[in-house]
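The values are calculated or read from the model by the stated rules, or taken from the named source; none is laboratory data. Please read these numbers as outputs of a predicted model, since none were measured by experiment. Note that we place each Cβ from the backbone using ideal geometry, even for glycine, and neighbour counts take in every protein chain shown. Note: areas computed on protein heavy atoms with side chains; ligands, DNA, RNA excluded. Shrake-Rupley method; radii C 1.70, N 1.55, O 1.52, S 1.80 Å.
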Amino acid sequence: MMRRNKICGILNITESRLATYPLTMNRPVASLPFCSRYRLIDFPLTNLTTAGVETIGIFTHDNLRSIYDHVRSGKEWGLDSIHGGLFFFSEPSLDSGRGNQGGLNLEGDIYNYFNNIEFFEKSESEYTVIMGTRMLCNVDVQAILRNHIEQGADITVVYKSVDQFDDGDQHVSCLTIDEDGRVRGLKSCELHKNAGKMFINMEIYIMKTRLLTKLIRNVVAENEHCNLNDVLHKAIVNLPSNGFEYTGYLKTINSVGAYYQANMDMLQDSNLTALLKGSQTIHTKVKNEAPTYYARSSEVEDSLVANGCLIYGEVAHSVVFRNVTIEKNTVVNSSVIMQGSSIGSGAELHYVILDKQVRIEPNTKLIGTKNKPIVIEKNSVISRISEDSQSPEIRTANQGNDRENYNTLFS
Amino acid sequence: MIAMILAGGQGSRLGKLTRTIAKPAVPFGGKYRIIDFSLSNCSNSGIRTIGVVTQYQPLELNSHIGNGSHWGLDHKDGGVTILQPHSSLDGEKWFEGTAHAIYQNISYIDSHNPTYLLILSGDHIYKMDYEHMLHFHKRKKATATVAVIHVPLEEASRFGIMNTDNTDRIIDFEEKPAKPKSNLASMGIYIFTWEVLRRYLTESHATGQNMDDFGKNVIPSFLANGENVFAYSFNGYWKDVGTIESLWEANMAFINPDHELNIRDKSWRIYSKNPVAPPHYLATGAKVKESLIVDGCYISGEINHSIISQNVKIGANSVIKDSIVMANTVIGKNVTIDRAIVGEHAVFADNAQVVGDKSIEVVGYNEIVGGLNDEEE
């Protein structure tokens with residue numbers, strides 16, 4: 001049990017979309033679809049609400065449409081109550097082309113926080129927890145808060161200790177932590193096989209709300225243009241800060257490869273259990289789909305499949321989202337097939353990510369590699385034009401922006 | 001128009017499946033409960049006020065329906081109200097029959113002051129636009145309209161049979177006739193002009209006349225008094241899953257993606273309470289053919305022409321054939337289940353066998369099969 005309103009939550013989703021292009025060309029990282037039926041934002045939202053956080057501010061400079069469409073009133077997370085609720089703070093940044101406002105150069109997201117500082121003050125919460133969506137994990141916010149209070153530090157930052165890492169090329173920020181758990185430093189580093197033991201900064205912070213507003217005011221007073229994360233990176237080094245070790249599943253979604261790998265990881269029961277079947281049920285927007293139908297001709301192994309699909313073909317080692325149709329004589333292997341896509345008969349897909357509502361025409365062959373899966377953009381129609389050409393010709397008919405907007409709006 | 005769903009029926013012919021829950025709460029099709037069809041039809045027909053009359057074992061039903069939000073029925077005016085029998089100064093008010101249940105809830109209906117009242121039973125599988133029926137009721141200037149469906153003549157004696165003239169006016173009604181004159185069977189769906197039905201119910205109560213049942217008392221009494229009673233013909237799929245066999249058959253037919261019910265039709269969705277679960281996982285070695293599988297399952301065996309509901313675990317080398325496995329059941333290794341209905345939260349120890357032959361085997365809710373009695377123990 002927790003006193004009402006003890007913590008307020010911040011979802012800092014001003015995360016750069018560039019790293020996961022083209023998947024994030026038209027959506028923020030937070031609304032990346034994941035594991036057949038989730039979006040990345042479901043994880044922090046569930047972690048916060050399970051811990052009893054009733055007031056959550058979502059800060060972004062992106063277009064909020066896909067987030068808003070998914071989250072709505074926050075009902076699925078129990079946020080549509082008379083207490084607290086969800087608050088959206090969206091301010092355009094320079095790179096979205098609508099920069100200068102009130103004479104301030106809005107480089108970085110710090111002004112979005114500063115201009116809405118009333119939110120923290122009004123919430124009257126003693127503590128604030130800050131999370132993002134790029135770090136895919138399932139944390140116990142209550143445990144972090146307990147640890148924060150026990151340790152008596154100004155800031156607690158969550159990290160994961162890794163010593164074996166086989167995906168390579170992941171740029172993350174790592175903490176230097178001494179034996180009693182105090183944060184001593186922070187550096188940007190690259191994870192690879194022989195990197196040795198590292199403490200990945202998961203960009204999850206707890207501190208007194210008063211301290212957070214002070215940090216924001218100070219940096220604005222000095223007329224600095226930066227991101228909240230930069231401010232926090234400095235603060236955990238300069239102020240007495242405590243590291244909280246997380247031991248569950250973690251994946252940094254900072255490349256298409258990492259996104260693909262995270263989905264494939266879920267085919268392993270230990271990962272799926274750690275992330276999705278643990279003590280916290282991850283909530284997401286509920287859709288009323290029929291059960292998935294497997295035809296006599298289907299052959300499906302080692303795959304995760306959501307409701308609402310019709311499967312007539314062969315699927316192996318793949319993650320299939322809702323409302324996907326896979327026709328007869330198809331082979332889908334080691335692929336991620338997002339919601340509403342359809343795969344025509346005789347098609348063959350290996351190491352492919354199909355974004356939402358992609359149509360693969362019959363007999364099309366798409367073969368990527370484990371490290372470089374082929375990504376097909378949302379609403380594309382892909383066909384193999386001539387039967388005898390060695391490499392399939394890919395004709396992408398992106399059905400224009402209006403269609404795109406329409407689909408996001410009503411999907 | 002407001003709707004009253006009569007969901008108090010025990011459904012005793014469903015045996016173990018209705019021992020602890022009311023028939024409308026019995027699971028159907030992998031992720032639905034029978035009452036979802038009536039509730040979704042109401043929601044899709046634009047009916048905003050619904051009273052659900054419960055009596056027998058209402059706990060599961062009440063928690064399923066909640067505030068109706070899963071069907072989009074949590075309106076700020078109206079919404080879903082669960083109506084249970086209660087005691088008052090006049091004594092206890094157990095519902096003696098379908099019409100009696102309406103009589104006992106007159107004050108609820110009056111509080112919404114409807115012109116028309118739609119009466120539904122909560123235990124049929126079908127999709128129907130009640131607005132069409134209301135248009136028909138108005139066009140015919142009826143005071144009562146009964147939805148009817150053509151049944152095979154040889155089965156007609158199991159139903160309430162309507163005889164109509166060429167304007168669809170009902171001239172005669174027989175409950176389960178030995179020699180049916182027509183094959184128009186009542187679906188247990190009625191639209192009444194509320195003012196008229198209200199008068200019949202209150203006056204008969206005052207005079208001590210029996211008016212407990214719509215089929216047996218109310219409709220015959222309307223006909224005897226020359227009221228305009230019409231039959232509204234329905235042509236779609238409609239199934240009363242009143243017995244174990246019919247429940248099993250309806251489920252087996254439901255597997256077919258070309259089923260007449262067209263469950264994947266986005267313009268008339270069937271809604272249900274959807275607990276959140278991860279996607280289902282088909283392990284290496286799983287063989288799933290001609291089956292429906294729902295979220296949250298872990299499947300490692302062989303599934304043939306079956307329905308597997310939410311969060312079911314099926315171990316390696318188990319074979320499930322022509323069966324329905326309800327939610328949260330755990331099935332071990334080398335289990336055989338054939339021609340059976342398995343209730344929610346059942347547990348099958350390794351090597352257990354449940355095989356129906358002529359009749360369908362039923363494993364009750366929370367039942368444990370195999371294990372201690374196993375020969376290997």
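Below are the figures for this structure:
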quantity	calculated
Filter result (of a type outside the set (Ser, Thr, Tyr), part of a helix (DSSP H, G or I) and open to solvent by 30 Å² or more (accessible area, probe 1.4 Å)) within the stretch B:1-58	B:ARG13, B:GLY15, B:LYS16, B:ASN44
A:THR176 vs. criteria part of a strand (DSSP E or B) and surrounded by fewer than 19 Cβ atoms within 10 Å (Cβ to Cβ)	yes
Top-ranked residue of the stretch B:19-59 - restricted to ones that are within 11 Å of the chain's Cα centre (by Cα) and away from chain A (no Cβ under 14 Å), ranked as nearest to B:MET128 (Cα to Cα)	B:SER38
Where B:PHE254 falls short, out of the listed (1) at pLDDT below 95; (2) in a helix (DSSP H, G or I); (3) within 14 Å of chain A (Cβ to nearest Cβ)	(1)
Output for the stretch A:113-129, where each listed residue is under 29 Å from A:ALA258 (Cα atoms) and out of contact with any helix residue (DSSP H, G or I) (no Cβ under 7 Å at 6 or more places or on another chain)	none
Selection within the stretch A:344-354 - within 24 Å of A:THR24 (Cβ to Cβ) and open to solvent by 10 Å² or more (accessible area, probe 1.4 Å)	A:HIS350, A:TYR351
Residues (assigned to a strand (DSSP E or B) and either facing chain B (nearest Cβ under 7 Å) or within 27 Å of the chain's Cα centre (by Cα) (or both)) located in the stretch A:311-325	A:VAL315, A:ALA316, A:VAL319, A:VAL320, A:THR325
A:ASN363 being within 11 Å of another protein chain (Cβ to nearest Cβ) and assigned to a loop (DSSP other than H, G, I, E, B)	no
First in the stretch B:97-109 and open to solvent by less than 10 Å² (accessible area, probe 1.4 Å), second anywhere and among the polar types (S, T, N, Q) and modelled with pLDDT of 90 or more, Cβ under 8 Å, 6 or more apart	B:ALA99/B:ASN217
Residues of the stretch B:297-353 satisfying the condition of being part of a loop (DSSP other than H, G, I, E, B), touching a residue at least 60 places away in the same chain (Cβ under 8 Å) and open to solvent by less than 10 Å² (accessible area, probe 1.4 Å)	B:SER309, B:MET326, B:GLY343
Sole exception among (1) free of Cβ contacts under 8 Å to residues at least 24 places away in the same chain; (2) farther than 30 Å from A:SER161 by Cα; (3) open to solvent by 30 Å² or more (accessible area, probe 1.4 Å); (4) away from chain B (no Cβ under 11 Å) for A:THR330, by number	(3)
Of all residues making up the stretch A:269-305, the number that are among the polar types (S, T, N, Q) and either open to solvent by less than 40 Å² (accessible area, probe 1.4 Å) or within 7 Å of chain B (Cβ to nearest Cβ) (or both)	8
Contacts under 7 angstrom Cβ, first residue in the stretch A:16-32 being under 13 Å from A:TYR259 (Cα atoms), partner in a loop (DSSP other than H, G, I, E, B) and aromatic (Phe, Trp, Tyr), 6 or more apart	none
Scan of the stretch A:252-268 for residues that are open to solvent by less than 20 Å² (accessible area, probe 1.4 Å), among the hydrophobic types (A, V, I, L, M, F, W, C) and more than 11 Å from chain B (Cβ to nearest Cβ), ordered by number	A:ILE253, A:ALA258, A:ALA262, A:MET264
Which listed residue is among the aliphatic types (A, V, I, L, M), in a loop (DSSP other than H, G, I, E, B) and modelled with pLDDT of 85 or more, from A:LEU106, A:LEU79, A:LEU86	A:LEU79
Complete set of residues in the stretch A:42-76 that are within 14 Å of chain B (Cβ to nearest Cβ) and either part of a loop (DSSP other than H, G, I, E, B) or closer than 23 Å to A:ILE117 by Cβ (or both)	A:LEU45, A:ARG72, A:SER73, A:GLY74
Tally, over the stretch B:59-77, of residues that are buried (at least 19 other Cβ atoms within 10 Å of the Cβ) and in a loop (DSSP other than H, G, I, E, B)	2
Residue that is most open to solvent (accessible area, probe 1.4 Å), among those in the stretch A:333-343 that are more than 22 Å from the chain's Cα centre (by Cα) and of a type outside the set (Gly, Ala, Ser)	A:ASN333
Conditions (1) under 30 Å from A:GLY78 (Cα atoms); (2) open to solvent by 30 Å² or more (accessible area, probe 1.4 Å); (3) free of Cβ contacts under 8 Å to residues at least 40 places away in the same chain; (4) facing chain B (nearest Cβ under 8 Å); number of the one not met by A:GLY308	(2)
The stretch B:271-287, residues that are among the aliphatic types (A, V, I, L, M), facing chain A (nearest Cβ under 7 Å) and either within 30 Å of B:ASN67 (Cβ to Cβ) or within 18 Å of the chain's Cα centre (by Cα) (or both)	B:VAL276
Any chance A:GLU348 is among the charged types (D, E, K, R), in contact (Cβ under 8 Å) with a residue 12 or more places away in the chain and within 27 Å of B:ASN256 (Cβ to Cβ)	no
Residues of the stretch B:217-235 satisfying the condition of being open to solvent by 40 Å² or more (accessible area, probe 1.4 Å) and part of a strand (DSSP E or B)	B:SER233
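Here's the yes/no breakdown for (1) closer than 17 Å to B:LEU117 by Cα; (2) part of a helix (DSSP H, G or I); (3) open to solvent by 50 Å² or more (accessible area, probe 1.4 Å):
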| site | (1), (2), (3) |
| --- | --- |
| B:LYS138 | yes, yes, yes |
| B:ALA156 | no, yes, no |
| B:ASN163 | no, no, no |
| B:ILE170 | no, no, no |
| B:LYS179 | no, no, yes |
| B:GLY188 | yes, no, no |
| B:ALA206 | no, yes, yes |
